[in-house]
Amino acid sequence: MNQPSYRICRRCIMDTSDPVITFDAEGNCNHCNTALEMAPSVWFPDDKGEKRLGEIADRIKKDGRKNEYDCIIGLSGGVDSSYLTYLAKVKMGLRPLVVHVDCGWNSELAVKNIENITKHLSIELHTFVVNWEEMKDLQRAFFRASLPDQDIPQDHAIFAALYKYASKNKVRYALNGLNYSTEIILPVSWGYQAMDLCHLRSVHRQFGEKPLRDYPTVNFFERYIYYGFIQGMTIFSPLNYINYKKEEAIDILSREFGWSYYGGKHHESRFTKFFQNYYLPHKFGFDKRRAHLSSLIISGQISRDEALDAMNSIVCTEAEINDDLEYVAKKLDWEPQEFRDIIALPPKRHMDYRNIDFLFNTGIKLSRMIRKVFRSR
């Protein structure tokens, strides 16, 4: 951190822990510059956004009026997905198919939050349990591959399962908790998109030990052609059409549903908590808090000084980190020292393994075009 080459953005707190970060003449980084440029086209925290959200809700209701459900939501029990479920049912008046995909890492608090949300909103919860032996083998493979984004095995299974639930129930609209307000900044170099089945299978072929027979998957053709065009499925991010503020969302969820905060973004999964608090900083020098806090700066929820103070706070004690490491190691059938030795292997990039990233870049452009068409109707 004290090396002469170290730089930190003057507007947000992104720094050269992102190896490809760039700075303009004023010392502001490409991340916050891009975020501010994008804001007018993706974030509508005003009356205009509320009107658009109402129009989206009306369209979803109309298209889904003959079905039992008019949209689908993946509920993890975290802040974003919990508030999204509340927004969809109470504010938008939708009939969501709410699905929880259990990848084997839920904390007790996550389970309780999910129960409270669905019970108070009178929503039937559908739970899909991923084959643990296959999930475990895939996660072991990703650790052996020495890659940064260790959430890919879980994220891919969640997305794939949701697509299958939506297709089975003839649901055309998927609502997700992605939002500009709290997560607009996240360096591409810190991870990789989870939908690349080619990449996932490449890692598993090299380092896995068991066949993936029950593990849910979705390939590029299914994602963009079959689901996207043939079945006409559309994905929306309703939190981008309101003045979504993390602290206010937590307050509402706590008061209305007895929801409890985990102490960190995505800490509803003990695995993700360990991965973000220890694995990434220790092995790659990536601290995701820096991106999360920078997003809050850009959306006006905290000051830069508050973000810097937060970065200096201790998220987990050494004892807690050791407990989490031993817990994760045991779940993955490794001795703690064996797991530490694997973490100590030289870091790799996702591009070091087979992938079809170029195709997904094309798919993203197509998705944006579809969203523009929908908004213009």
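Read-outs: derived from the displayed coordinates by stated rules, not from any lab. These figures come from a predicted structure and were not determined experimentally. Glycine also receives a Cβ, built like all others from the backbone with ideal geometry; neighbour counts cover every protein chain displayed.
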(message) With every atom except the alpha carbons ignored, what do you get for Rg and Dmax of the range 1-152, in angstroms?
(response) 21.1, 64
(request) Would you please put 213-219, 282-288 in order of how densely packed they are, using the mean number of other Cβ atoms within 10 angstrom per residue and starting with the highest? (result) 282-288, 213-219
(request) State the answer as a single residue: which of Pro148, Asn67, Asn113 lies farthest towards the positive end of the charge dipole of the range 43-178, with beta carbon charges of +1 for Lys and Arg and -1 for Asp and Glu, about the Cα centre. (result) Asn67
(request) Could you tell me the largest-minus-smallest coordinate of the C-alpha atoms of the range 195-353 on each of the three principal axes, in descending order and whole angstroms? (result) 49, 46, 32
(request) Consider just the alpha-carbon atoms of the range 99-189 and return their Rg together with their Dmax, both in angstrom. (result) 15.3, 43
(message) Full-extension gain between Thr317 and Asp305, please, as 0.36 nm times their residue separation minus the C-alpha to C-alpha distance.
(response) 2.0 nm
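How long are the three semi-axes of the equivalent ellipsoid of the range 191-282, in whole Å, if each is the root of 5 times an eigenvalue of the C-alpha gyration tensor, listed from largest down? Before the final figure, lay out each step's value.
Values: eigenvalues 200, 111, 30 Å².
Values for the range 191-282, descending: 32, 24, 12 Å.
What is the diffusion coefficient of the range 85-151 in µm²/s, taking the Kirkwood radius over Cα pairs and the Stokes-Einstein relation at 37 °C with a viscosity of 0.692 mPa s? Let's see the in-between values first.
Details: Rh = 14.1 Å.
Once the numbers are plugged in, D ends up at 232 µm²/s.
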(request) Would you check the range 157-296 for Lys pairs whose C-alpha atoms are within less than 18 Å, ignoring same-chain pairs closer than 8 in sequence, and give me the count? (result) 7
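By how many nm would the segment from Ala39 to Phe220 grow when fully extended, if each residue of separation counts as 0.36 nm and the alpha-carbon distance is taken off? Kindly include the intermediate steps, with their values, before the conclusion.
On the way: separation 181, 0.36 × 181 = 65.16 nm, distance 2.83 nm.
So the chain would gain 62.3 nm between Ala39 and Phe220.
Can you give the helix-only mean residue ellipticity at 222 nm for the chain, where every DSSP H stretch with n ≥ 4 adds -39500 (n - 2.57) and the sum goes over all residues, rounded to the nearest 500 deg cm²/dmol?
Details: 15 runs with 175 residues, N = 377.
After summing the helix terms and dividing by residue count, I get -14500 deg cm²/dmol.
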(message) Starting from 0.36 nm per residue, how many nanometres of slack lie between Asp341 and Phe229 once their C-alpha separation is accounted for?
(response) 35.7 nm
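With a sphere of radius 9 Å drawn around the Cβ of Glu209, what net charge do the other residues whose Cβ falls strictly inside it have (Lys, Arg +1; Asp, Glu -1)? If you can, show how the numbers build up before the last one.
Details: positive: Arg140, Lys210; negative: Asp137.
Charge balance near Glu209 sits at +1.
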(request) Calculate the dipole size of the range 212-335 relative to its Cα centre from +1 charges on Lys and Arg beta carbons and -1 charges on Asp and Glu beta carbons; express the result in debye to the nearest 20. (result) 440
(request) Stick to Cα atoms and the Kirkwood definition of Rh, then tell me Rg/Rh for the chain. (result) 0.94
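When each pair of different Cα atoms in the range 1-87 is counted once in the 1/r mean, what is the Kirkwood radius in angstroms, to one decimal? Intermediate values should be presented prior to the final figure.
Details: mean 1/r = 0.0592 Å⁻¹.
This gives a value of 16.9 Å.
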(request) At a Cα cut-off below 14 Å, give the aspartates and glutamates reachable from Lys348, other chains included and same-chain residues fewer than 8 away excluded. (result) Asp149
(message) How big is the dipole moment of the chain about its Cα centre under a simple scheme where the beta carbon of each Lys and Arg is +1, that of each Asp and Glu is -1, and everything else is neutral? Debye, nearest 20, please.
(response) 1640
(request) Place +1 on the Cβ of every Lys and Arg and -1 on the Cβ of every Asp and Glu in the chain, take the dipole about the Cα centre, and give the residue among Pro336, Ile298, Phe44 whose Cα lies farthest towards its positive end. (result) Phe44
(message) Give the list, by residue number, of cysteines in the chain with no other Cys Cβ closer than 4.7 Å, or say none.
(response) Cys71, Cys103, Cys198, Cys316
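Provide, as a two-decimal number, the C-alpha radius of gyration of the range 286-334 over 2.2 N^0.38 Å, N being how many residues it has. Present the calculation step by step, with values, prior to reporting the outcome.
Numbers: Rg = 15.1 Å, N = 49, 2.2 N^0.38 = 9.7 Å.
Taking the Cα Rg and dividing by 2.2 N^0.38 Å, one obtains 1.56.
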